[in-house]
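Coordinate-derived values only; no laboratory data. Everything numeric in this text was worked out from a predicted model, so none of it was measured. No Cβ is skipped: glycine too gets one built from the backbone with ideal geometry, and neighbour counts run over all protein chains shown.
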Amino acid sequence: MGYQWNWSIFGSTVPTGETTYLVWLLSGLQTTILLSLSAWLLALALGSLTGVLRTVPSKPLSTLASAYVELFRNIPLLVQLFIWYFVLPEILPFGLGDAFKQQLSPLTQQFLSAMLCLAFFTSARVAEQVRAGINALPRGQRAAGLALGFTLPQTYRHVLLPMAFRLIVPPLTSECLNIFKNSAVCSTIGLLELAAQGRQLVDYTAQPYESFIAITLLYLVINVVVMGLMRIVEARARVPGYLGSK
Amino acid sequence: MYEFDWSSIPGALPFLWEGMKVSLEITACAVLFGIAWGTLLAMARLAAIKPLTWLAAGYVNLFRAIPLVMVLLWFFLIVPQVLRGVFNLSATTDVRLASALVGFALFEAAYYSEIIRAGIQSVPKGQVAAAAALGMTYAQAMRLVVLPQAFRNMVPLLLTQAIVLFQDTSLVYVSALADFFGVAYKVGDRDGRLVELLLFAGAVYFLICFAASQAVRHYQKKLNAHGAH
């Protein structure tokens with residue numbers, strides 16, 4: 001179609017002159033990784049708590065946890081992101097919203113909103129996996145823990161959760177991959193992560209194919225690296241005698 | 001404290017409904033095409049011909065490794081050029097909807113094919129052997145014996161994926177296409193009532209998706225009870 005390929009574009013300097021397009025790309029990659037990892041840690045913590053609450057023998061607590069999961073699973077990620085970024089700072093009481101808008105730099109505002117959004121969105125999915133893991137254990141385990149004189153929290157901590165977490169490493173792997181992919185949505189609020197840097201490169205260089213190919217390859221690399229790391233975790237966490245173990 | 005003012009929503013309802021129709025159109029198209037193409041991909045992955053298996057696996061893994069936003073950006077870049085080249089359209093023809101439809105359909109097919117592959121594999125091997133023993137060809141065995149059983153088991157998963165897909169259609173925002181969310185955002189921006197419109201959009205998505213997922217759950221319970229006897 002007469003397209004002029006020009007791969008040397010990544011080495012040329014940006015309009016402001018202080019750096020190259022390649023550096024833009026790498027800074028986008030860095031933001032994507034920082035954003036996704038911090039959101040993932042928060043999602044694991046929130047999701048574990050919610051997943052546990054869904055299985056405790058207390059009707060109000062498990063209902064509350066179900067409501068949490070349904071809320072974050074049934075609203076599109078993009079809408080949640082816009083609510084975190086555009087709505088919450090307006091309606092937060094006690095001057096919290098104003099503090100957010102006035103005292104934080106725009107960059108920090110974008111990053112915080114994006115991180116919280118990804119974390120809560122993913123935590124609902126992590127909670128479902130944690131609940132499935134706990135429910136997959138034989139019922140006798142909980143009873144045995146309680147019969148040995150453990151309190152309910154102790155039973156969770158020493159008996160149920162250590163097993164449940166080892167069982168759910170494979171589904172958690174795919175959630176971890178998802179959080180990296182979902183982070184691309186955060187380009188819509190102006191956060192300069194990988195996908196946003198790609199679009200910016202297209203605007204500045206008018207070489208869309210090179211930029212998109214580079215971005216796509218970087219996402220593939222992230223995918224392969226996360227999968228490789230999680231495979232190591234999976235191999236170490238595998239429970240002998242359970243499905244998928246050797 | 002923020003003063004809510006919901007007054008711009010009633011007047012915008014006709015626009016919002018037009019947007020919702022675009023969202024539903026993309027969802028329906030992507031579900032139908034995704035299941036059809038996904039079935040072919042799943043059969044290719046399970047076929048005995050190695051190159052075919054590799055091609056299908058490559059397609060599925062590639063689409064599953066890339067963010068949907070990136071896939072959409074790719075299709076908004078490529079599809080217009082291809083369409084204009086093939087149909088001799090003028091550069092001003094709006095092909096954003098066509099690009100979105102093609103992008104979603106090809107992307108979702110990768111996810112559907114994984115569900116369908118698992119569904120086909122869940123049919124006992126004896127069924128294929130029995131079909132072969134009855135003199136059926138591979139195509140006949142698939143069409144008359146394996147796929148009908150596989151699809152009946154898969155219906156809840158296929159529907160759940162459709163709900164996810166419906167939520168994902170909001171991402172056409174990246175191309176400024178006026179789907180339900182795009183319209184809600186534009187109206188909010190125009191009237192300076194972004195807070196209300198975004199909350200309204202969130203509530204509408206929640207009601208639709210929550211009701212749909214409860215219906216799927218109910219259906220699955222019925223299916224399980226039916227299959228248990």
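For the segment B:198-211, counting C-beta atoms of other chains within 10 Å of every residue's C-beta and taking the mean gives 4. Scoring B:21-32, B:50-61 by mean Cβ neighbours within 10 Å over their residues and listing the highest first yields B:21-32, B:50-61. Springs join every pair of Cα atoms under 10 Å in this Gaussian network model of chain A, and among A:121, A:111, A:86 the largest mean-square fluctuation is at A:86. Peptide A:77-86 is shielded by partner chain Cβ atoms: per residue, an average of 6 of them sit within 10 Å of its Cβ. Comparing mean-square fluctuations of A:62, A:105, A:123 from a GNM of chain A with C-alpha springs under 10 Å, the top value falls on A:105. Distance between Cα centroids, region B:121-155 to region B:1-80: provide it in whole Å. Taking the Cα centre of region B:1-80 as reference, the centre of region B:121-155 is 29 Å away.
Across the protein assembly as shown, counting alpha-carbon atoms alone, Rg and Dmax equal 24.3, 78 Å. Adding -39500 (n - 2.57) for every DSSP H run of four residues or longer, then dividing by how many residues the protein assembly as shown holds, sets the calculated 222 nm ellipticity at -25000 deg cm²/dmol. Placing one equal scatterer on every Cα of region B:1-54 and applying the Debye formula, the log10 ratio I(q)/I(0) at q = 0.17, 0.28 Å⁻¹ is -0.71, -0.98. In plain terms, the residue of A:115, B:70 with the fewest other Cβ atoms within 10 Å comes first and the most crowded comes last, giving B:70, A:115.
Which of rounded, prolate or oblate describes region B:75-229 when judged by the alpha-carbon gyration tensor and an a/c cut-off of 1.5? Oblate is the answer for region B:75-229, as a/c is 1.5 or above yet b/c matches or exceeds a/b.
As a length-normalised measure over Cα pairs under 8 Å and 6 or more apart, the relative contact order of chain A settles at 26 percent. Taking the average, over residues, of other Cβ atoms within 10 Å as the packing measure, peptides B:145-151, A:221-227, A:50-56 rank A:50-56, B:145-151, A:221-227 from highest down. Over the C-alpha atoms of region B:1-123, the Rg to Rh ratio, Rh being the Kirkwood estimate, stands at 1.13. Sorting the Cα pairs of chain A by distance into bins of 10 Å, from 0 upward, gives 7, 24, 28, 22, 13, 5, 2, 0 percent per bin. Backbone geometry of region B:212-221 corresponds, through the Karplus equation with coefficients 6.51, -1.76 and 1.60 at θ = phi - 60°, to 3J(HN,Hα) couplings of 5, 6, 5, 4, 4, 4, 4, 4, 5, 4 Hz, x marking Gly and Pro. Look at where the Cα atoms of region A:52-106 and of region A:169-211 average out, and the two centres are 23 Å apart. Each residue of region A:66-74 is assigned a 3J(HN,Hα), and the resulting list reads 4, 4, 4, 5, 4, 4, 7, 8, 10 Hz, derived from the Karplus form 6.51 cos²θ - 1.76 cosθ + 1.60 (θ = phi - 60°), x at Gly and Pro. Rounded to the nearest Hz, the phi-derived 3J(HN,Hα) couplings of region A:216-233 under the Karplus curve 6.51 cos²θ - 1.76 cosθ + 1.60 (θ = phi - 60°) are 4, 4, 5, 4, 4, 4, 4, 4, 5, 5, 4, 4, x, 4, 5, 5, 5, 4, where x marks glycine and proline. For residue A:20, the residues 5 or more places off, or on other chains, whose built amide H falls under 5 Å of its own are A:14. Computed over region A:55-124, relative contact order equals 41 percent, with contacts defined as Cα pairs under 8 Å that lie 6+ residues apart. For the segment B:173-180, counting C-beta atoms of other chains within 10 Å of every residue's C-beta and taking the mean gives 2.
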